[in-house]
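Q: Just passing along the structure, written as structure tokens.
The values are calculated or read from the model by the stated rules, or taken from the named source; none is laboratory data. Quick caveat: nothing in here was measured; it's all calculated off a predicted structure. Quick reminder, even Gly has a Cβ in these numbers, built from the backbone with ideal geometry, and neighbours come from all protein chains shown.
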Amino acid sequence: MTETQQKDGFRIEIDPAQQRGDIILDRPPFNTVMMPQRDQLRQAFEALDADDRVRIIVLRAMGEHFSSGGYIKGFIEASPETVSKLAWNIAAPARCSKPVIVANRGFCFGVGFEISLACDFRIASETARFALPEQKLGQIPGSGGSARLQKIIGITRTKDMVMRSRRIPAKQAYDWGIVTEVVPDADLEATTDALVKELCEFAPLAQRTAKKLLNDTEDASLSIAIELEGHCYSRLRSSDDFREGVAAFHEKRAPQFKGS
């Protein structure tokens, strides 16, 4: 049975049977993100990360657009202290130990794009359009967008997007490595559901370890990254799941992972 929690501009749904927790943006017509909502979204990700019933977290939206971005007047009304926390709140998906999937369709602008960039898997509908339009307001991205984007696509393409406020269609975003997969609009939910089921088949501890290792070594030198990989491999070597995986492989059966 699905448990639902209603928040301001979004809701949380937990389905223990599917081992998934969904954060669903729902502020028609463009799912604009209000300033207080940013901190609430952070809290939602942290709560799902701590919930033992949840293996996979999904961020998605109601309607034809994921999000047109933040409420513009909110940036003027908010205190400097509040504004200084924008990137920390929006980075919540990256800090989650569990895999986070985002499903994008239609407008994915500003903070909508930035929080998507903080997720692990970005599934985009063919209708999706991605942009960091802050230059049109006399500003720059303030929630980690330009920094994360540069890590993914490099400085040349990032300047092209940020300094020109360019809108990038889904196919180009895929070609540039911004999104994981592009699917027909009608297939977005089914593709997301299938990925949730696929990820649930892997060992939870190994999955969490892989995410943390990849995040931690993104800025590391090759030698340090290899060293950390070795330590993580060694730690998993003594896990119950690894022994179960090896046994299942030799016995030609599906493994029964327990997350220990």
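Q: Go through 198, 251, 189, 218 for me and flag whichever is within 17 Å of residue 57 (Cβ to Cβ), charged (D, E, K, R) and loosely packed, with under 13 Cβ neighbours inside 10 Å.
A: Answer to the check: 198.
Q: State all residues of region 166-180 that are touching a residue at least 12 places away in the same chain (Cβ under 8 Å) and outside any loop (DSSP other than H, G, I, E, B); if no residue qualifies, say none.
A: Passing the criteria: 168, 169, 170, 171, 173, 174.
Q: Give me the residue from region 1-54 that is of a type in the set (Gly, Ala, Ser) and under 26 Å from residue 85 (Cβ atoms) and, out of that set, surrounded by the fewest Cβ atoms within 10 Å (Cβ to Cβ).
A: If we take residues in region 1-54 being of a type in the set (Gly, Ala, Ser) and under 26 Å from residue 85 (Cβ atoms), then 50 is surrounded by the fewest Cβ atoms within 10 Å (Cβ to Cβ).
Q: Sort out which residues of region 8-27 are in a loop (DSSP other than H, G, I, E, B) and at pLDDT 95 or above, and write them in order of number.
A: The answer is 9, 16, 17, 18, 19, 26, 27.
Q: Within region 181-260, considering only helices (runs of 4 or more DSSP H) that don't extend past its boundaries, which have at least 1 residues that are hydroxyl-bearing (Ser, Thr, Tyr) and touching a residue at least 60 places away in the same chain (Cβ under 8 Å)?
A: 188-200
Q: Another question about this same structure. Taking the condition in a helix (DSSP H, G or I), of a type in the set (Val, Ile, Thr) and either closer than 26 Å to residue 216 by Cβ or at pLDDT 95 or above (or both), does residue 123 pass?
A: Here the answer is no, as residue 123 does not meet what is asked.
Q: Output yes when any residue across region 101-118 is touching a Pro at 6+ places or on another chain (Cβ under 9 Å) and either at pLDDT below 95 or surrounded by fewer than 21 Cβ atoms within 10 Å (Cβ to Cβ) (or both), and no when none is.
A: The answer is no, given that none of the residues of region 101-118 is touching a Pro at 6+ places or on another chain (Cβ under 9 Å) and either at pLDDT below 95 or surrounded by fewer than 21 Cβ atoms within 10 Å (Cβ to Cβ) (or both).
Q: Checking the condition within 22 Å of residue 69 (Cα to Cα) and exposed (fewer than 15 other Cβ atoms within 10 Å of the Cβ), which residue from 138, 154, 145 passes?
A: Answer to the selection: 138.
Q: Something else now. Exactly one of these conditions fails for residue 213: (1) among the hydrophobic types (A, V, I, L, M, F, W, C); (2) at pLDDT below 95; (3) in contact with a Cys (Cβ under 7 Å, 6 or more places away or on another chain). Give me its number.
A: Among (1) among the hydrophobic types (A, V, I, L, M, F, W, C); (2) at pLDDT below 95; (3) in contact with a Cys (Cβ under 7 Å, 6 or more places away or on another chain), residue 213 violates only (2).
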